[in-house]
Structure formats: C-alpha cells, structure tokens
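The values are calculated or read from the model by the stated rules, or taken from the named source; none is laboratory data. Owing to the predicted nature of the structure, the values given are computational and were not obtained by experimental measurement. With ideal geometry, Cβ positions are generated from the backbone for all residues, glycine too; neighbour counts draw on all protein chains shown.
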Amino acid sequence: MAATKKTRSKKHKICVVGAGHVGLVAAACFAELGHKVICEDASKQRITDLKKLKMPFFEPELEALVKKNVKKGHLTFSYSLDNAVKKSDVIFLAVGTPPLADGSADLTSVENVARTIAFNLNSYKIIVEKSTVPVQTGQKIKETINRYRHGSVEFDIASNPEFLREGKAVYDFFYPDRIVIGTESKRAAIILKDIYAGLKAPIIVTNINTAELIKHASNSFLAAKISFINAVSRVCDLAGADVDMVASAMGMDKRIGKSFLNAGIGYGGFCFPKDLEAFHYIASKLGYDFGLLKEVKRINDEQQLYFVEKVKERLWVLKDKHIAILGLAFKADTDDMRFAPSEGIVRYFLEQGAIVTAYDPQAMNEAKQLFGKGTLRYAKNAYEAVKDAECACFLTEWDEFRGLDFKKIKKRMRFPLVADGRNMFNRDQMQRLGFEYLRIGG
Ligand code: UDX
C-alpha cells in the first residue's frame, strides 16, 4: 500500500521499540514511507522469528509489507536496545502498558526503555510515545532521561498516539483521519511532521498532555458509543423495537455518525477495556470522578451475561447440551483474543456443564493457549463445530460466517437454534431457513 501524497520527506533514522500490534505495524509502515527503521523487541525469540520473516500475529497486509521493506534494506530487526538507540534519531516507544489490578497502566516497560535511552544518548534524539499512556507520562519520561543521561546531550519528548485498529492497522496507518503530535519543541515538531510528510492527513500539533489525553478520550468515547447502543438494545428487547434500525437512523444524523453503533456482546481487545480503566484511574488521581466511564464498563460486562442468559432460557438446562461457538477473536480480521467477550461466554457454558465446540478462522492457537486441552473441543471448520449442536453461537463477525451454507448447518445440528452475538444475520431469512434465531435488541 502506498502513501497518498507525493511530498518527499527526508529519510529519518527511526527506532521502534516493541514489535507488537502497534510497533511492528508502525515500523513496517515508516519503512514503506522510505525511512530507515530498526524494530527492536526484548524477546529474542520474536526477533529471531522476524528475521526469518515469520510474523508474531495475524494482521492483513503486514507480512507483505515487512518482506518488501526488509528486502529493500529499509527495515531491520534487533533485540539490542542499546545499539538500536545509538543508531537512531527518532525513537518511538511502542511497548506494552498492560492494566494493573487497580485499573492503572503498568508503565514499567516505558520506564525501563527511558532509562536505556538515557544511557545511550549519543546525539540529539526525539523520544516519542506511541503506546497509549496516561496523561503526564511524557513529563515522567523526560525526568527519567534527565536523571540517567551522562553529559548534556539534547533530547526532546513527544507524544504521537496511534489510532490503528487491529485487522485494519496498515490501512489506518496510511489513511489516518488525523495525525496528533504533542510536543513543546519546535525542532521535534518539524522532524515529526516531516516523518509523516508522505501522508495526506491533517496534522494537529499540541502540547504533550493534550496529545496523551486525545488518545484516552477517543478510545473511551468510542467505547461509550458502543455501550450506549448496547443499552438501547436492552430497551429495544423490552419494547419490541429493532436496535439495528434505531442505530441506522440515529447514524444518519451527521452529528452522531454511523460507526461504532453495532449492538452485540460488547467490546473487547487490548485497547478499549484497558484504556477506559486507565482513563478513569488517572482522572480520579487528578481529582475528577469520571463516573460515566464506570457505567460504560458495567453495560459492556452485562452484555455477555445477557447473551448467555438468552441462550440458557431457550435450552433450559445447559448441562450436557452441545453448544457450538463460531468466532473467538475479539473482532473479525484478527487472531487476538485478549479481553475477547467470547472468553467469558465460553467459560460460562463450560461451568454450566455444556459440551462446547469452537471454531475461529484465525484464533484457534490463541484459544488453545487460553483454554488448554480437555475443556473446549476444537473444530476444523464451522460445519464440524455445529455437528449435533443444540445451539450455534456466533461471537465474531467474520465474513466467512456470512457465506456459510445454512441449509447444511441446519442439517448437522441437533436443534436449529442460532444465537447471534453480533447481529450479523437477517432475522426473516434465518427464520425462513427454519432456525430459531436469537439476537440482541429485537
Ligand atoms: C481500537 C481503536 O479503534 C483504535 O483507534 C485504537 O488505537 C486501538 O483500539 P481495536 O481494539 O483494534 O482498535 O478494535 P475496534 O475496531 O475499535 O473494536 C473494538 C471492539 O469494539 C471490538 O471488540 C469490536 O467488536 C467492538 N465493537 C466495535 C462493537 O461491539 N460495536 C461496534 O459498533 C464497533
């Protein structure tokens, strides 16, 4: 995929710390823009695999982009952070910031990397936060580098939050709605703008705190939108209204917009749940009780329970019932199961003594790691999963499922009950095919 603007930028020497969903995509895309990129990760295994062009996770378009840029010499991999830092002018931090028990973000990796950068500060460098971090983290990074650096080599801190969706990350990198650059330094702003000069997107330059907040506020707002429509779906069920029609008509109002109004079993993934909690935590720490965010989480958690209760109501007793799970990833086009709504749903059915067989087009390995052997049964495809099932639960909106032969599905099931956790199918069509069809919100 090519960038969209012809403007030539200078080739910059970039280091991306962390070869995860954010870091590896950013590294490959910066390389595609013509920059010289070192992608560093603390895992020797991950780097060894990447040097052999073996991807650590599934992300459409990424493998081709990595291969192309490694071949061109634009992208290399390293597990020596010291060397990678010394050789680079701009260092993007894309390390994990996982949630702690109290909801705050664990910034241990960020602090470790900041210290290593300080020890290896051999020339002017810009240190850029790409991972989602709480507001005021930039200030802490600056203090850390000042504390540990030798001499007085100059550096600047910036925040350049990513808005990449898993499954669409490469597209989102090249066609962003906006690029946010938070920095107090003119010199850093000029360089960072130049790094993105190949892209056609508005660039917003702010101070660091504002940029950090833009990320948390954006993700929390999107999560709130999903919880709002999920709450509406509950009222729709009670009132006999159709949530999809409500969402579609609401979305035609440009002030509301159509996206992120799909009701279902709720949001998951590594970003929304953790960012929402971290935003609530940091707001409280600063002195504001952002209660709305707690409510967004409560509604989201309830959706899974609501879904399993619908199934239980139809099947009465779940013990020894055969249940097929179609879709495990937290959304389509990824193999990621982190905080996937499917996990809680599967565990509930298993606890109730049901015999659960699962299939996902990409996330089977992740599921095997999560649930282990002897609990879940794993099927090779959707048809195998539904054999003798008394209920088929669709939990991820894969296109593959939309193209299934439902006559064949029905023949293989013991009882033709479909529970659609993503409102993927048309009620009338499913009923015409002879299914009993459960969905969320009418
Ligand atoms: C999100 C943000 O969109 C991205 O900008 C950020 O940088 C990283 O976090 P991602 O986690 O990859 O991206 O997934 P996204 O497409 O945003 O979906 C998040 C969750 O919400 C998924 O579980 C999805 O199924 C769910 N969702 C989304 C809904 O339930 N309804 C919707 O209408 C939209």
Determine which single condition S78 fails, assuming it passes every other condition in (1) out of contact with any Gly (no Cβ under 7 Å at 6 or more places or on another chain); (2) within 16 Å of the ligand (Cβ to nearest atom).
-> (2)
From the list Y281, Y288, pick out the single residue that is surrounded by fewer than 16 Cβ atoms within 10 Å (Cβ to Cβ), of a type in the set (F, W, Y) and in the same structural domain as C393 (by TED's automatic domain parsing).
-> Y288
Criterion violated by K294 - all others in (1) away from the ligand (no atom under 15 Å from the Cβ); (2) within 25 Å of the chain's Cα centre (by Cα); (3) farther than 30 Å from F435 by Cα; (4) not in a helix (DSSP H, G or I) satisfied | (4)
Which of the following residues is among the basic types (K, R), within 30 Å of M364 (Cβ to Cβ), at pLDDT 95 or above and touching a Ser or Thr at 6+ places or on another chain (Cβ under 9 Å): K321, K297?
-> K297
When only residues in the stretch 366-401 that are among the charged types (D, E, K, R) and without any contact (Cβ under 8 Å) to a residue 12 or more places away in the chain count, which is farthest from A332 (Cα to Cα)?
-> K373
Among (1) charged (D, E, K, R); (2) touching a residue at least 40 places away in the same chain (Cβ under 8 Å); (3) touching a helix residue (DSSP H, G or I) at 6+ places or on another chain (Cβ under 7 Å), where does D237 come up short?
-> (3)
Of the residues in the stretch 316-363, those that are surrounded by fewer than 21 Cβ atoms within 10 Å (Cβ to Cβ), acidic (D, E) and within 18 Å of the chain's Cα centre (by Cα) come to D333, D335, E343
From the residues in the stretch 218-264 that are crowded, with 18+ Cβ neighbours inside 10 Å and not in a helix (DSSP H, G or I), which one is nearest to the ligand (Cβ to nearest atom)?
-> N262
Go through the stretch 83-97 and count every residue that is in contact with an Asp or Glu (Cβ under 6 Å, 6 or more places away or on another chain) and under 12 Å from C39 (Cβ atoms).
-> 1
Picking from V170, V180, which residue would you name as being under 17 Å from the mean Cα position of the chain (by Cα), buried (at least 18 other Cβ atoms within 10 Å of the Cβ) and away from the ligand (no atom under 11 Å from the Cβ)?
-> V170
Within the stretch 364-442, helices (runs of 4 or more DSSP H) holding 1 or more residues that are more than 25 Å from the chain's Cα centre (by Cα) = 382-385, 406-412, 427-432
